[in-house]
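Written below as structure tokens is the structure these notes are about.
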Amino acid sequence: MTPRIVGEALPNSFEFETEALIKPTGFREYDARWWFGHPGSAVPPELNLIGVQALGMGLGTLIRRLGAGPDIATGHDFRSYSLSIKLALVSGLMAAGARVR
């Protein structure tokens, strides 16, 4: 099933839990950065885990089409939410046929 991508969704809403939230402003010339958010934050999130999974599917597909795959290495840092973001990305990469290490 292809996820539907939305530009806005409020946390703890049905849309936030079922649609891929990926704000287009997260893409930069040199990298990609989104505010993932945290409970009680006044700033709404720009990305959710379904969105990260969709990004992984897109990235994995692009890498395979360019002939650069299928092996992809992933990692994460010390932040409390980094592992969940990494696992969502890995899930999307694997759905696109990547072998994740």
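The table that follows gives values for the structure above.
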{"item": "Area of Asp31 that stays accessible when all protein chains are in place (1.4 Å probe, Å², to 10)", "result": "50"}
{"item": "The chain, helix-only ellipticity at 222 nm - DSSP H runs n ≥ 4, -39,500 (n - 2.57), divided by all residues, nearest 500", "result": "-11000 deg cm²/dmol"}
{"item": "Computed accessible area, Ser80, all protein chains, 1.4 angstrom probe, square angstrom", "result": "120"}
{"item": "Solvent-accessible heavy-atom area per residue, rounded to whole Å², over region 47-101 at 1.4 Å", "result": "59"}
{"item": "Cα-centre dipole for the chain with unit charges at Cβ (Lys and Arg positive, Asp and Glu negative), debye to 20", "result": "380"}
{"item": "Rounded percent of accessible protein surface that carbon and sulfur make up, the chain, 1.4 Å probe", "result": "60"}
{"item": "Cα long-axis angle, helix 82-95 against the chain (0 to 90 degrees, to the nearest 10)", "result": "50"}
{"item": "C-alpha long axis of helix 49-65 to longest principal axis of the chain, angle in °", "result": "20"}
{"item": "Largest-first principal axis extents, alpha carbons of the chain, Å", "result": "42, 31, 26"}
{"item": "Percentage relative contact order, the chain, counting C-alpha pairs under 8 Å, at least six apart", "result": "24"}
{"item": "Label zone at Thr74 (point 7 Å along Cα-to-Cβ), backbone N below 18 Å, region 32-46", "result": "32-34, 36"}
{"item": "Net charge over other residues, Cβ less than 12 angstrom from the Cβ of Trp35 (K, R count +1; D, E count -1)", "result": "+1"}
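The values are calculated or read from the model by the stated rules, or taken from the named source; none is laboratory data. Here the structure is a predicted model, which means the values were calculated and not measured. Counting neighbours? That spans all protein chains shown, and the Cβs are built from the backbone with ideal geometry, glycine included. Just so you know, the surface numbers come from the protein's heavy atoms only, side chains and all, with ligands and any DNA or RNA stripped out. Shrake-Rupley method; radii C 1.70, N 1.55, O 1.52, S 1.80 Å.
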